[in-house]
Number of protein chains: 2
Amino acid sequence: MRAIDCIRKKRDGNKLNKEEIEFMVKGFAEGRIPDYQFSAFLMAIYFKGMDYEETFYMTKAMMGKILDLSDIEGKKVDKHSTGGVGDKVSLILAPLVASCGVYVPMVSGRALGHTGGTLDKLESIKGYRTDLTISEFKNVLKEVGCSIIGQTEEIAPADKKIYALRDVTATVESIPLIVSSIMSKKLSEGIDALVLDVKTGNGAFMRNYNKAKELAKAMVEVGERFGVKTTAFLTDMNQPLGCYIGNALEVWESVQVLSGENIEDLKKIVIELSAEMLSLAGWKIDDAYEELEKNLKNGKALNIWEKVVKFHGGDPKIVYKDDFLKTNIVHYIHSYEDGYLSYFDTFNIGIASCLLGAGREKKEDKIDHKVGIILHKKIGDKVTKNDKIFEIRANNEEKLKKAINILKKSFKIEKNKPLKPKLIYEKIKI
Amino acid sequence: MRAIDCIRKKRDGNKLNKEEIEFMVKGFAEGRIPDYQFSAFLMAIYFKGMDYEETFYMTKAMMGKILDLSDIEGKKVDKHSTGGVGDKVSLILAPLVASCGVYVPMVSGRALGHTGGTLDKLESIKGYRTDLTISEFKNVLKEVGCSIIGQTEEIAPADKKIYALRDVTATVESIPLIVSSIMSKKLSEGIDALVLDVKTGNGAFMRNYNKAKELAKAMVEVGERFGVKTTAFLTDMNQPLGCYIGNALEVWESVQVLSGENIEDLKKIVIELSAEMLSLAGWKIDDAYEELEKNLKNGKALNIWEKVVKFHGGDPKIVYKDDFLKTNIVHYIHSYEDGYLSYFDTFNIGIASCLLGAGREKKEDKIDHKVGIILHKKIGDKVTKNDKIFEIRANNEEKLKKAINILKKSFKIEKNKPLKPKLIYEKIKI
């Protein structure tokens, strides 16, 4: 077999077989196929796509060893979100689902582009280690019911190398490549089931609804072919999730929900995704809803959260201390008229948060965990002139200025009350 | 400027400007842009194409120094063929045009795929050096009127590097990339005008007529933008040109034409291309035809040919010696019925010649200059059962067997007399 023949075959729009895909992916991962051939291959995939079967083989070829969680008795289920602004669902959902006796072995990522990253959020808790070894991870999982760590060397090693190449060759935005990257990591976790939260709207990576749906379907197809029960939800990202954007800020809001607070859209999506996870683990759906609501009220979920933090080396009480959210500057952006909040430029709100220091502009940038943005209104809310819209938490005047410039153009007020945006558009199963 | 932005721009089907194209090509040629980015760029060009302006800037960016032929007074005109089977036109045309007082500074190539290469053909003359230095080349040109050499380090240095990358990334078959590769070399010769022979049909690289026409048009556009008068001919490659295929065999047939022999299609195409070259150099077309015919008859063209060979280190008399064409084996393939020769699989005839040893299967293969194929019939010829169709000249029984297997399936006999194929389809100028 020759790399050039595989490139040409894909370039000409033909379907590759299992052997050809393995030959290319493992060949590249193990250094037999040079990067200049693999990047041409990636670009051919960008243009010609891959069907579900090819995407499945691509995913499988990218996986290393699967985590062996067989000594932990019980169902293991994970969730993955394609990323959005203010999307702190994992922080709440993992302990909540664990509180119902289903294990959540979660391998998460960092801030990317305009979105935050679960690992960065967790690290706003001093001492929280996201780099547990696999045996430490399994231990936390066994003892607590869930654990959230970063990608290790063992998990989908080819993905790291391929992602680095995609990143510099303009081949990131390809559905089969996105699917195989996500699914090779998730399916390596040794899980029984997976729930996917695919975001669509002006703050999502896949803004276009049909593209997002295509992505969701492909991930479900790959998961099911692998023998992992998989459900995808298509959910709204035309406004940030919840009201807090930033690292410590999102941890704080998560703890509110875990403490029984009803933050409307955030809690709703957490419950829906969690219920689906329990359902895939064998629960009756009505029992699932009941148990989830109960465990948010009775402190069980919060208790698991605190244990997770403790087992990872952090102090859960730090969240309640005065200085957990304290920044040098607090600045408000107000409404310039009466009406209803009708529109957010969610992407730019994410960018503003990133510019404040909550994300990274360059890979080597250090994150400022305390900065961020609080929304005082959400879409559909009545607004009176001079009402606060955004609260900016900053530590640097320069950065604040940049954020203000963006944020003051990132919302619209209309006279007529707009419809509340739908939160969950569609549930995709096969 | 960043390479990834240029890749993405082309990937999304947008037009690149001069600066972006120069940034990419010179960046790659000079080692600032890594091959893995350039190969993704090439694949994006493969899919999204380039317009004439982009192709022109691509061509210019690939050129090194242009040969300075200003101390040779008179017009300098070259010809390029996209390659076919039995295409020995350069060997005849260069001395013929030179015999009319127009200089032909010709930089040629080697056998590629199923086609022969001018340099390999010339090297069947013992001692002929295709690797003259630029100053030797200029000297032969001045003294004799024409010289045929191979690509040097100085001529279009980026082309070599880009071609090597295209060759292993399945990005050879792209019109703007073919155009810039050919034209960057040809326009570096310091010529006033250029005639292009673009082959189409079952023995051409561009089998499809419309694709070949697209290629021809793009080359003319690029040449004219560069200030070099350029004409392209679309010519037939549904059968080999002339009757001899191989290296020494083609030299021998060329010398026949240069000696006044009328080998129908071969002589016709030589005259048409040569007349256009003279016309672009300022000649009246009728004078051109007259002078060309005259110089084939009166020995002037042959005399220049012999001088070229001598100046390049070869002995022109070698062609007439008994062993110039001598091989160990001569084998015939005969007609199995009466009728008319109606079809050649020209590509496979080229492959058969290559397998006999006239071309290279792998880059490191050595060429056997004497082997090849002689056609005893051409399309439209009356054939009686047991008439010779192919004469195979071989030096190895194994290779002969492979060639026989291919050749016996590479022609068709029909009861009805077919139309003679057209030799020249179209002349393209702007």
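The values are calculated or read from the model by the stated rules, or taken from the named source; none is laboratory data. These figures come from a predicted structure and were not determined experimentally. Methodologically, a virtual Cβ is constructed for each residue, glycine included, from the backbone with ideal geometry; neighbour enumeration extends over all protein chains shown. In case anyone asks, the SASA skips ligands and DNA or RNA and just uses the protein heavy atoms, side chains included. Shrake-Rupley method; radii C 1.70, N 1.55, O 1.52, S 1.80 Å.
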Problem set entry | Solvent-accessible area per residue, Å², over the range A:276-359 with all protein chains present [probe radius 1.4 Å] | 47 Å²
Exercise. Straight-line reach from A:LYS362: which aspartates and glutamates have Cα under 18 Å away, leaving out those fewer than 8 places along the same chain?
Worked result: A:ASP120, A:ASP167, A:GLU398, B:ASP5
Exercise. Hey, any idea what Rg/Rh is for the protein assembly as shown, computing Rh the Kirkwood way over Cα pairs?
Worked result: 1.13
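Please figure out what share of the DSSP beta bridges in the protein assembly as shown is antiparallel and state it in percent, rounded to the nearest 5.
Looking only at bridges with both residues in the protein assembly as shown, the antiparallel portion is about 55 percent.
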Problem set entry | Average beta carbon contacts from partner chains per residue of B:163-169, 10 Å cutoff | 4
For this session: Output ³J(HN,Hα) for the range B:192-198: one whole-Hz value per residue in order, computed from phi by the Karplus curve 6.51 cos²θ - 1.76 cosθ + 1.60 with θ = phi - 60°, and x for Gly and Pro.
Result: 8, 8, 8, 10, 10, 10, 9
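Taking 2.2 N^0.38 Å as the expected size of a compact globular protein, what ratio does the Cα radius of gyration of the range B:1-160 give against it, to two decimals? Don't jump to the answer; show the numbers that get you there.
Values: Rg = 18.8 Å, N = 160, 2.2 N^0.38 = 15.1 Å.
Normalised by 2.2 N^0.38 Å, the Cα Rg of the range B:1-160 equals 1.24.
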For this session: Rounded to whole Hz and in sequence order, give me ³J(HN,Hα) for the range A:2-18 from the Karplus expression 6.51 cos²θ - 1.76 cosθ + 1.60, θ = phi - 60°, writing x for Gly and Pro.
Result: 10, 4, 4, 5, 5, 4, 4, 4, 5, 3, 7, x, 8, 7, 8, 9, 3
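What translational D, rounded to a whole number of µm²/s, comes out for chain B from Stokes-Einstein when the hydrodynamic radius is the Kirkwood one over Cα pairs, at 4 °C and 1.567 mPa s?
Working: Rh = 22.2 Å.
For the chosen part, D equals 58 µm²/s.
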For this session: Over chain B, calculate the relative contact order: mean separation of alpha carbon pairs under 8 Å at least 6 apart, over the residue count, as a percent.
Result: 20 percent
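Can you give me the Kirkwood hydrodynamic radius for the range B:156-208, using every pair of distinct Cα atoms, in Å to one decimal? Don't skip to the answer; put the middle values down first.
On the way: mean 1/r = 0.0803 Å⁻¹.
Computed over Cα pairs of the range B:156-208, the Kirkwood hydrodynamic radius comes out at 12.4 Å.
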For this session: Between beta-carbons, use under 11 Å as the cut-off and find the net charge around A:GLU224, counting Lys and Arg +1, Asp and Glu -1.
Result: +3
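Using only the alpha carbon atoms of the range A:56-96, find the Kirkwood hydrodynamic radius as the inverse mean reciprocal pair distance, in angstroms to one decimal.
Values: mean 1/r = 0.0748 Å⁻¹.
After inverting the mean inverse Cα-Cα distance, the result is 13.4 Å.
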Problem set entry | Minimum Cβ-to-axis distance in chain A for the rotation onto chain B, with residue, whole Å | A:MET43, 2
Seminar exercise, completed: Sorted by chain and then number, the residues having a modelled amide H within less than 5 Å of the amide H of B:SER108, at least 5 places away or on another chain, are B:ILE149, B:GLY150, B:GLN151
Problem set entry | the range A:102-155: proportion of alpha-carbon pairs further apart than 19 angstrom, % | 27 percent
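So for the range B:347-387, what percent of the C-alpha to C-alpha distances run longer than 11 Å?
Details: 566 of 820 pairs.
Roughly 69 percent, rounded to a whole number.
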For this session: Write down, largest first, the equivalent ellipsoid semi-axes of the range B:217-317 in whole Å, where each equals the square root of 5 times an eigenvalue of the alpha-carbon gyration tensor.
Result: 25, 18, 16
For this session: For B:ILE389, enumerate residues with amide H under 5 Å from its amide H, sequence gap 5+ or separate chain, H modeled in the peptide plane.
Result: B:ILE333, B:HIS334, B:SER335
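Out of the GluC sites (Glu not before Pro) in the range A:145-174, which ones are loop residues according to DSSP with at most 14 other C-beta atoms within 10 Å?
Working: sites: A:GLU153, A:GLU154, A:GLU173; in loops: A:GLU153, A:GLU154, A:GLU173.
Those that pass, being in a loop and sparsely packed, are A:GLU153, A:GLU154.
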Exercise. Taking the Cα centre of chain A as the origin, how large is its charge dipole in debye, to the nearest 20, when only Lys and Arg (+1) and Asp and Glu (-1) carry charge on their Cβ atoms?
Worked result: 800 debye
For this session: Report the FRET efficiency, 1/(1 + (r/R0)^6), for B:GLU153 and B:LYS297, where r is their Cβ-Cβ distance and R0 is 51 Å, rounded to 0.05.
Result: 0.80
Seminar exercise, completed: Residue-ordered couplings for the range B:102-109, obtained by feeding phi - 60° into the Karplus form 6.51 cos²θ - 1.76 cosθ + 1.60 and rounding to whole Hz (Gly and Pro as x), are 9, 6, 10, x, 10, 9, 10, x
Seminar exercise, completed: the range A:283-326 scanned against label point 7 Å out from A:LYS126 along Cα→C-beta; backbone N under 20 Å for A:306-326
Exercise. Going down the table (A:LYS88/A:LYS370; B:LYS126/B:LYS294; A:LYS26/A:LYS363; B:LYS267/B:LYS408; B:LYS229/B:LYS267; B:LYS76/B:LYS138), which pairs top 18 Å between alpha carbons?
Worked result: B:LYS126/B:LYS294; A:LYS26/A:LYS363; B:LYS267/B:LYS408; B:LYS229/B:LYS267
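Compute the normalised compactness of the range B:212-267: alpha-carbon radius of gyration over 2.2 N^0.38 Å, N being the residue count. Provide the component values of the computation, followed by the final result.
Details: Rg = 15.4 Å, N = 56, 2.2 N^0.38 = 10.2 Å.
That ratio works out to 1.52.
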Exercise. Considering only the label points, 7 Å along Cα→Cβ from Cα, what distances in nm to one decimal separate B:TYR320 from the same position in each other copy, shortest first?
Worked result: 11.1
Problem set entry | On Cα atoms only, tilt of A:35-48 relative to the major axis of chain A in degrees | 70 degrees
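When the helices in chain B are scored as -39500 (n - 2.57) per DSSP H run of 4 or longer and the sum is shared across all residues, what 222 nm value do you end up with, to the nearest 500 deg cm²/dmol? Show your work: numbers first, answer last.
On the way: 16 runs with 186 residues, N = 430.
Helix contribution divided over all residues of chain B: -13500 deg cm²/dmol.
Kindly give the semi-axes, whole Å and largest first, of the ellipsoid equivalent to the range A:286-430, taking each as the square root of 5 times a Cα gyration tensor eigenvalue. Walk me through the numbers before you get to the answer.
Details: eigenvalues 179, 133, 51 Å².
Working from the Cα gyration tensor, I get semi-axes of 30, 26, 16 Å.
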Seminar exercise, completed: Output row for A:GLU290: copy-to-copy label distances, label 7 Å along Cα→C-beta, ascending, in nanometres, one decimal, is 11.0
For this session: Give the long-range amide H neighbours of A:ASP338: residues separated by 5 or more places, or on another chain, with amide H under 5 Å away, using H modelled in the peptide plane at 1.01 Å from N.
Result: A:LYS385
Problem set entry | Other copies of A:ASP167: label-to-label distances in nm, shortest first, labels 7 Å along the beta-carbon direction | 3.3
Problem set entry | Chains B and A, summed buried accessible surface - 1.4 Å probe, Å², nearest 100 | 1800 Å²
Seminar exercise, completed: Over all pairs of different Cα atoms in the range B:267-319, the reciprocal of the mean inverse distance gives a Kirkwood radius in Å of 12.1 Å
Seminar exercise, completed: Toy charge model, Lys and Arg Cβ at +1, Asp and Glu Cβ at -1: the protein assembly as shown dipole around Cα centroid in debye, rounded to 20, equals 640 debye
Seminar exercise, completed: Filtering GluC sites (Glu not before Pro) in the range B:341-430 by DSSP loop and by at most 12 other Cβ atoms within 10 Å leaves B:GLU361, B:GLU364
Exercise. So, in nm, how far is label B:LYS385 from label B:SER259 when the simple model puts each one 7 Å beyond its Cα toward the Cβ?
Worked result: 3.7 nm
For this session: Summarise the partner chain shielding of B:126-137 as one whole number: the mean count of Cβ atoms from other chains within 10 Å of each residue's Cβ.
Result: 0
Seminar exercise, completed: The answer for trypsin sites (Lys or Arg not before Pro) in the range B:219-295 that fall in a DSSP coil and have at most 14 neighbouring Cβ atoms within 10 Å is B:LYS284
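In debye, nearest 20, what is the charge dipole magnitude of the range B:207-342 about its Cα centre with +1 on Lys and Arg Cβ and -1 on Asp and Glu Cβ, if you could check?
Details: 17 positive and 22 negative charges, 106 e Å.
For the range B:207-342, the charge dipole is close to 520 debye.
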For this session: Mind giving me the nanometre distance, one decimal, between the label points for A:LYS417 and A:LYS363, set 7 Å out from Cα along Cα→Cβ?
Result: 5.1 nm
Seminar exercise, completed: For B:213-221, A:351-359, A:127-135, ranked highest to lowest by mean beta-carbon neighbours within 10 Å, the order is A:351-359, B:213-221, A:127-135
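Where does the range B:173-258 land on Rg/Rh, using Cα atoms and the Kirkwood Rh? List each step's numbers first, then the result.
Working: Rg = 14.6 Å, Rh = 14.2 Å.
Across the range B:173-258, the Cα-based Rg/Rh ratio is 1.03.
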